[in-house]
Amino acid sequence: MSLPTDPAANLAALIRCPSVTPAEGGALMALEAMLKPLGFAVDRPVFSGEGTPDVENLYARLAGDHSGEGPHLMFAGHTDVVPPGDEADWTHPPFSATVEGGFMHGRGAVDMKGGIACFVAALARHVEAHGAPGGPVSLLITGDEEGPAINGTVKLLEWAAARGERWDAAIVGEPTNPDALGDMIKIGRRGSLTGDIVVHGRQGHIAYPHLADNPVRGMAALLDALFHPPLDAGTENFQPSNLEVTTVDVGNPATNVIPAKARATFNIRYNDAWTPEALQAEIHNRLDRAAGRGKLRLGKEDGVAFELSWRVSPSPVFLTRDDRLVSGLSAAIEAVTGRRPALSTSGGTSDARFIKDYCPVVEFGLVGQTMHMVNERVALADLETLTRIYRRFIEDWFA
């Protein structure tokens, strides 16, 4: 039986599965077919949650040649992808895995079916050359990363841990490199916190403002207080925390009516100068001070009535300091590419924020320039290079 040693063939099989969140789309079935010949035991648990779609996930484990006594390495990722948008905008159909000009085109090529394809190929090459590695290897793959992230990695980790699984280190195969393979390893992530503000006014005719209270005036004062002054200037390992307002809405189609309410949503990507609790307290204080100074109409000094609510489950900030994992992956990258990768905490959140509660975790994958874009694509040369990096790391890790 042939082993899945070709990353391009692995990736093509995965791209051809239309696994738009939360649909499995055949992607986990295709991945299972690659892993079984390598000796993996594969489970595909389905998790459910109220108000969210059911999600199928995959956990695969290879015991290794020392009956599980060596260090347990996890590779984590997701086979779900974002929608392709208007398929007419694509040069090639988004689920065709068309190869042209040295690139493979398709949704998920870099985010992140490509990373999975390369890790499987790397492990297959190791098994083909040396047999099973010197300790357990597991793949923890979800179909819910691009969605609400409720019925995916969180529950899959809990499920595996309840069955006695313990891990020594994890690599998440997200696309981490900005320009070229070897540019960057993600060793941590900023936290994410989302809040909603509602300002209450009084509806009225726009020609008689003395009979109404315009909540937009109050909302403007509150939002200005959120932006100024900056939350911080950054820390040793993280860029400055940043707040962005993502929606402001009054639900008012009429131009001659002062609305009764104004709503806004904001998100903060915060560094390790803050805990979620301290950051929430800072936002409360800023809004309270601004509300006391704000006005809903000229001549009215009553301040601004508002409500602030927080979305559930803020993402925590974290930093991985495990030298064996970080140095080992850096050395493998340098040995293959000649580049010494930067150690970064930039970017958004990923499922590494859940894995860090179980073991040290870093992120390293393909170049991410086309992720989520029309004509998402990956260089075939990059697939081969990433496979060689993963293989070098696997061999060094179990040496």
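The values are calculated or read from the model by the stated rules, or taken from the named source; none is laboratory data. All of these numbers come straight from a predicted model, not from anything done at the bench. Glycine gets a Cβ as well: all are built from the backbone with ideal geometry, and neighbour counts include every protein chain shown.
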Condition check for Val198: among the β-branched types (Val, Ile, Thr), crowded, with 18+ Cβ neighbours inside 10 Å and at negative phi: no
Candidate set: region 225-273, residues that are part of a strand (DSSP E or B) and β-branched (Val, Ile, Thr); chosen: the one nearest to the chain's Cα centre (by Cα): Ile268
Search result, residues across region 340-349 that are more than 13 Å from the chain's Cα centre (by Cα), surrounded by fewer than 19 Cβ atoms within 10 Å (Cβ to Cβ) and small (Gly, Ala, Ser): Ala342
Selection status of Ala305, farther than 29 Å from Arg388 by Cβ, out of contact with any His (no Cβ under 8 Å at 6 or more places or on another chain) and not assigned by TED's automatic domain parsing to the domain that holds Phe393: no
Failed item in (1) over 20 Å from the mean Cα position of the chain (by Cα); (2) surrounded by fewer than 22 Cβ atoms within 10 Å (Cβ to Cβ), with Ala60 passing the rest: (2)
Tally of residues being among the small types (Gly, Ala, Ser) and more than 14 Å from Leu296 (Cα to Cα) across region 187-243: 9
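Residue-wise test of (1) farther than 30 Å from Phe95 by Cα; (2) of a type in the set (S, T, N, Q); (3) exposed (fewer than 15 other Cβ atoms within 10 Å of the Cβ).
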| position | (1), (2), (3) |
| --- | --- |
| Pro314 | yes, no, no |
| Asp322 | yes, no, no |
| Ala332 | yes, no, no |
| Gly338 | yes, no, yes |
| Asp351 | no, no, no |
| Cys359 | yes, no, no |
| Val362 | no, no, no |
| Asn375 | no, yes, no |
Sole exception among (1) closer than 23 Å to Ala281 by Cα; (2) surrounded by 12 or more Cβ atoms within 10 Å (Cβ to Cβ) for Pro229, by number: (2)
Residue within region 335-351 that is in the same structural domain as His105 (by TED's automatic domain parsing), within 19 Å of Met74 (Cβ to Cβ) and without any contact (Cβ under 8 Å) to a residue 40 or more places away in the chain present: no
Qualifying position, being surrounded by fewer than 17 Cβ atoms within 10 Å (Cβ to Cβ) and closer than 30 Å to Pro133 by Cα, among Asp43, Asp86: Asp43
Tally, over region 274-329, of residues that are in a loop (DSSP other than H, G, I, E, B) and among the hydroxyl-bearing types (Ser, Thr, Tyr): 3
Top-ranked residue in region 277-304 [being crowded, with 18+ Cβ neighbours inside 10 Å and within 31 Å of the chain's Cα centre (by Cα); ranked as nearest to Gly188 (Cα to Cα)]: Leu279
Count - residues of region 46-57 that are surrounded by 18 or more Cβ atoms within 10 Å (Cβ to Cβ) and of a type in the set (Gly, Ala, Ser): 0
Counted residues, region 93-129 - those being in contact (Cβ under 8 Å) with a residue 60 or more places away in the chain, of a type outside the set (Ser, Thr, Tyr) and surrounded by fewer than 24 Cβ atoms within 10 Å (Cβ to Cβ): 12
